[in-house]
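Working notes for the structure below.
No value in this document is a laboratory result; all are computed from the given coordinates. Remember, predicted model here, so these are calculated numbers, not experimental data. With ideal geometry, Cβ positions are generated from the backbone for all residues, glycine too; neighbour counts draw on all protein chains shown.
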Amino acid sequence: MNSTASLASPRWQNVRTLVSASAVLLLVYLARAKDLFSDFTRPTVTFALHLLGIGAEDHGTTIAVGRLEVPWTRDCAGLNLLLVITALTIWVNRSEPAGRRYWFKIALTIPAALLANVLRVLSLIGYREAFYPNVESPQLHYFLGLVWLLPFLAMVVPRGLRPLSHVLLESLQAAAAIALLAPMSGVPGGSTITIAALMGLAHSRVQTDGLRLRTILTGGWVLLAAGICLLGMESMWLPWLLMCPLLAARRWICSATGTVLTVATHPLFGMIPGGMYAIWLAMGFWGWQWLRGSQDSALAVGEEPAASGRGWRFAPAACAALFLLPFIASTLFTREHQEFRPPADTDSTPIAADAFDVRIPGQPLNIGLVWFNPSGNGRHHSMKVCMKYRGVDLEQTRENADVFTDGQRWMREFYIQDGKLVAGYTAYIWRTFRPGSSPGVHLIFVTTRDQMTADAFNASCLQLAAQLDAKKICAR
């Protein structure tokens with residue numbers, strides 16, 4: 001067998017897919033890396049605003065734009081976007097020869113990401129001005145950058161003899177999925193969710209078999225999206241995305257392995273009794289099938305037969321538009337915004353549009369408490385994700401699983417939801433899984449590490465949180 005044929009073999013394509021998936025997983029988690037591009041991005045954004053006739057002042061950690069104080073996080077610098085777009089480029093080119101053209105595409109991600117990031121930050125500033133006082137979600141933060149990269153994406157995706165609309169639809173689905181995955185490093189089971197989603201993407205490709213049935217299923221898929229929008233069930237978006245009837249391979253989505261791993265991209269699945277065992281079993285079974293060679297056709301990237309029919313030509317564009325829903329639904333289908341006030345027996349000082357510095361009677365001076373109202377109508381993120389969005393990377397402490405640290409401080413989270421104090425994120429997402437449930441309040445206690453041990457800090461937080469009368473806290 002000659003070398004060209006060897007490179008084109010299904011087994012080699014499987015290996016390339018697994019290597020690409022590993023690279024994507026690594027790059028998604030490297031998105032927590034240090035801010036290296038601020039020296040370029042921040043002055044460029046400020047200069048662009050001045051060119052547009054908009055006054056802006058660079059304060060280092062924030063940019064003042066009119067009435068807005070836009071916090072400057074590592075996400076704004078551009079490194080995260082560079083890692084995400086590099087991951088996307090590797091993924092969509094996973095079946096291409098790793099030659100000069102392949103590495104040129106990888107190198108092209110650097111100037112493309114820097115330019116797209118400047119445009120993203122300008123878009124986010126416009127978004128915050130238009131929807132003040134609401135702010136964008138972390139997913140929208142990533143996705144706006146990917147939208148600006150779509151022209152670049154059209155240049156780097158491999159096309160061959162396939163219709164450009166098919167290639168772009170697959171790439172946009174991968175971009176949307178990676179944007180949804182990027183903030184998930186801080187949720188319980190985030191690594192498992194990422195691996196399950198990548199395995200689903202590995203089987204995702206424009207399908208042209210059974211078009212009549214797929215058209216009917218697409219109608220149901222659209223109705224499901226409407227239900228997610230109206231009920232505010234944002235955690236359903238990733239499984240919904242992977243179930244797109246125009247892209248989901250029948251062999252994969254109808255198999256027990258594919259069904260389990262698709263459902264496993266919902267954060268709650270791994271928290272049900274035996275859920276993680278089911279996921280690991282499904283992954284192990286898939287790996288065993290791959291080693292036996294029975295997964296070759298599922299991952300091979302060949303040329304699908306061209307679909308005919310006038311309606312089919314518009315289907316990819318319609319699906320591509322729907323892929324935007326996970327990022328704009330909370331704005332388009334917003335319910336009445338809930339704003340909560342700390343109890344009257346506490347001292348509270350507003351520190352942002354959706355946050356208060358709170359002092360509970362008897363609270364030690366060396367312990368702070370920050371009260372976060374929901375920025376929109378969706379569920380709060382975990383403390384790790386919430387603080388990452390504000391430029392702080394947290395890690396769980398070895399001393400106490402409920403206490404996190406950024407190297408300088410201890411932090412501990414609670415939630416108040418429907419008149420009850422909730423002690424952790426897992427319990428909170430179970431309480432807010434019901435459609436239409438109130439997002440409630442996010443409480444974060446903080447102190448410096450040299451003040452006390454992690455266990456002593458946790459004990460103080462439990463005592464102080466118990467003093468808050470959750471039943472007296474209601475939406476204004």
Show the residues, 5+ positions off or on another chain, whose built amide H is closer than 5 Å to the amide H of residue 63. 70, 72
Built amide H within the under 5 Å cut-off of residue 409, gap 5+: 449
Counted neighbours (other Cβ, 10 Å), sorted fewest up, put 341, 100, 128, 214 in the order 100, 341, 128, 214
Residues 221, 280, sorted so that the one with the fewest Cβ neighbours within 10 Å comes first: 280, 221
Which of 136, 339 has the fewest other C-beta atoms within 10 Å, and how do the rest follow up to the most? 339, 136
I'm a student and want to see the number: the projected area of the Cα convex hull of region 347-472, averaged over all directions, in nm². 7.6 nm²
